[in-house]
Amino acid sequence: MGSFKRAVLYITRKKKKSILMFFILFCIATAVLSGISIKKATSIARQNSSKETANTFEIQNNLATNFTGTMPESLVNKVSKVNGIKNYDASVQGIGLVFKQLQNVEPKNNTVQYTDKQYKNLFPVEAHKFTEYDTKFMSKSFRLVEGRHLVEGDKNKVLVHKALAEKNNLKVGDRIIGTKDSLDYNASKDAPSEYDLEIVGIFESENTERAGHKLEMPENLLITDVDTIKTLYGYSDGNVKYTNATFNTDTDVDKVTSKFKDIPTDWNKYTIVKSEDTFLALSKSFDSLDKIINMVLIGAIIAGVIILSLVLAFWIQGRVHETGILLSIGVSKFNIISQYIIELLLISILAFGGSYFSSKVISQNIGNTIVAQAGKQAVQDVQSGFGGFSLGNDVNSSLATRTVDEIDVKVEVEELIYVYVIGTVIIILSVMASSASIIRLKPKEILSKMS
């Protein structure tokens, strides 16, 4: 009688042991398959995230050497013409405008209190040349949901947040009237006293619940065209003072920035920031995800080998009589071990197949839990880099503390094939480890144990 036939007979006769082994293999396979699927989903999410901002960098002011906090329009124009630059956006951050007919969106956790007279109906304003190429929109931190983006040449146009639009019953095409704020000391004395802005787009942002004042909230941010802020600050044509500029390349960022030495300016006044430095927590959250998933996957494999080996050790010890008889009739140790392996492989066909369906049910929930944990750890790491202080609720802090929100875990046949391969290795290792105590004995010693 061959090893395969003996294995089939043993499985059918020892139903309780076979069911127990099925359950053990099923649990191991579910854990391994879920881990592999989550790891693949994380890899896809990282790739998709990298595509959004991989070839993006910002030129920011080095406040240690550039006390004005601005960069000239001429510099932005020169950089935009460097070979390799695909498109760009330049922005100006202002203190704000007062819109008496609008109500602010209030934060859930307001830890900073100011007098109503000073900050009532005040909205922070950010002017952009091409909002489509702003880091916040390119990274999907902001998403345009209605209307269009701002482009060069726009005048008296504005984008508003969806939450602000809903609170004030605003829609695309509506006009809002604002006045310059007395707190903005950079505002020109000759600036118009009134600004009639047309809403051309509505955007939404990722949900944040960090504590802060309402002026820090993306929900209260008004994004206007450069012409509007130019009139507020009294800039003449060609002499806009930008706060920062974002550039998108069609090649490696380092290759492009290496050409900046040919642009005559004091580069000590500015800092070139790559996308991975802008989204500090995002890259850290992916790194944390990889570490946690690798630990889960390796832990599942090691635990599977240990548990299966221990169960098999008791199982094989109880088969000393059977082993002795097989040896006495001339069956080789190799054939006996082969029988043990075949038994488990036959059971594993159903157990591993069943794990395909159980993993579909639980892997997404497990992935969500791991993502949340990795995100918390990443934000803590970023905050520790800032001396342990909590970051605000402002837009830039939102970028720095943005983490991976979710991963789409899909259990596919390809991953199941990996489980069969890994599971087969686990079975072989476990059988070899658990049967060593019996197989290393000589036939006479095994026969003496029988008696």
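Odds and ends about this structure:
- Estimated at 0.36 nm per residue, the fully extended path between K78 and N62 surpasses their Cα-Cα distance by 3.9 nm.
- Segment K86-I44, length gained on full extension (0.36 nm per residue, minus Cα span): 12.6 nm
- Helical contribution to [θ] at 222 nm, DSSP H n ≥ 4, -39,500 (n - 2.57), averaged over the chain, rounded to 500: -17000 deg cm²/dmol
- Note on semi-axes √(5λ) of the Cα gyration tensor in Å: of the candidates (i) 40, 27, 17; (ii) 67, 22, 18; (iii) 39, 32, 17, the value calculated from this structure sits at (ii).
- Split the accessible area of region 127-282 by element, probe 1.4 Å, and carbon with sulfur accounts for 45%.
- Within the shell of other residues whose beta carbon sits under 15 angstrom from the beta carbon of K155, the net charge comes to -3, with Lys and Arg scored +1 and Asp and Glu -1.
- Put a dot 7 Å past the Cα of L429, heading toward its Cβ, do the same for D405, and the two dots end up 3.9 nm apart.
- As a calculated quantity, the FRET efficiency between K167 and R13 at R0 = 56 Å, using C-beta atoms, amounts to about 0.15.
- Excluding ligands, DNA and RNA, the accessible surface per residue across the chain is 50 Å² with a 1.4 Å probe.
- With each label modelled as a point 7 angstrom along the Cα→C-beta vector, the T251-Y418 pair spans 3.6 nm.
- The label-point distance for V361 and E204, in a model that sets each label 7 Å from Cα toward Cβ, rounds to 3.2 nm.
- Between K261 and D290, residue separation times 0.36 nm minus the direct Cα-Cα distance comes to 6.6 nm.
- Counted over the chain, the DSSP beta bridges are approximately 80% antiparallel.
- Computed accessible area, H128, all protein chains, 1.4 angstrom probe, square angstrom: 0
- The chain: DSSP helices with Cα axial extent of at least 24 Å and average Kyte-Doolittle hydropathy no lower than -0.5: 15-53, 280-317, 333-385, 413-439
The values are calculated or read from the model by the stated rules, or taken from the named source; none is laboratory data. This one's a predicted model, so the numbers in the text were calculated from it and none came from an experiment. Don't worry about glycine lacking a Cβ; one is built from the backbone with ideal geometry, like all the others, and counts go over all protein chains shown. These accessible areas exclude ligands, DNA and RNA; they are computed on the full protein's heavy atoms, side chains included. Shrake-Rupley method; radii C 1.70, N 1.55, O 1.52, S 1.80 Å.
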